[in-house]
Amino acid sequence: VKLEMLATIEQSARRGADMVSQVLSFARGMEGRRIDVQVRHLVRDVAKIVAETFPKSITLRDHVPADTWLLHADPTQLHQVLLNLCVNARDAMPSGGRITISAENLLIDAQYAAMILDARPGPYVKVEVEDTGTGIPPEIVEKVFDPFFTTKEPGKGTGLGLSTSLAIVKSHGGFIRVYSDPGAGTRFHVY
């Protein structure tokens, strides 16, 4: 167990160094390196971090089919997006709850793409991060991606997590949709 913990600490330190690099690249633009990435591996890595560092009152379920398409992406940046969404989910569940991460292959047609900002027709992998938390009030749901916007108390959040996540997803040719029911949780769909 201690060796596993040390391995997680080492991996987290490497991720931290990568994230510092990402913050620097955010200032210069979101290019990053692009390699073939299996979403299942990213989700498994995030699930391990959640299991080892989040309160035990929060559980994580994941469902990523083996036939989920590969992404040509920066794995550290996508890891950061998933972790940001999970941290926000954790903070929305102070008494505990469940986070579910799932993925599916989608072909978006021109009609659907025309209805959504930043969407283009073509193949996408949709990753959904859902929580059973407090939800987002309708009057602020449109502001959650604004830089420095936060509902957290001072010292608890920078308001950069979702804006950074959106910038990363856009740099990969994707988009994000958010759905929330106050008192019944939130779902982020990352395409």
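The values are calculated or read from the model by the stated rules, or taken from the named source; none is laboratory data. Keep in mind the model is a prediction, meaning the values are calculated, not measured. Using ideal geometry, Cβ is built from the backbone for each residue, glycine included, and neighbour counts are taken over all protein chains shown. Just so you know, the surface numbers come from the protein's heavy atoms only, side chains and all, with ligands and any DNA or RNA stripped out. Shrake-Rupley method; radii C 1.70, N 1.55, O 1.52, S 1.80 Å.
Here are the numbers:
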quantity: Gain on full stretching of the segment that runs from LYS56 to VAL141 - 0.36 nm per residue minus C-alpha separation; calculated: 27.8 nm
quantity: Computed [θ] at 222 nm, helices only, for the chain once each DSSP H run of length n ≥ 4 contributes -39500 (n - 2.57); calculated: -13000 deg cm²/dmol
quantity: Positive minus negative residues near VAL50 (Lys, Arg vs Asp, Glu; Cβ under 14 Å); calculated: +1
quantity: Flagged links, alpha-carbon separation over 30 Å, of LYS2/LYS152; LYS2/LYS126; LYS2/LYS170; LYS56/LYS152; calculated: LYS2/LYS152; LYS2/LYS126; LYS2/LYS170
quantity: Helix runs (DSSP H) in the chain reaching 20 Å along axis by Cα, Kyte-Doolittle at least -1.0; calculated: 2-28, 39-53, 75-91
quantity: Volume of the Cα convex hull of the chain, divided per residue and given in Å³; calculated: 131 Å³
quantity: Solvent-accessible ranking of MET5, MET93, MET115, largest area first, probe 1.4 Å; calculated: MET115, MET5, MET93
quantity: Accessible surface of the chain, 1.4 Å probe, proportion on carbon and sulfur as whole %; calculated: 57 percent
quantity: q = 0.18 Å⁻¹, region 125-191: log10 I(q)/I(0) [Debye, one scatterer per Cα]; calculated: -0.71
quantity: Whole-number accessible area per residue in Å² for the chain, which is evaluated in the context of all protein chains at 1.4 Å; calculated: 56 Å²
quantity: Heavy-atom SASA rank of ARG61, ARG187 (probe 1.4 Å, accessible area, largest first); calculated: ARG61, ARG187
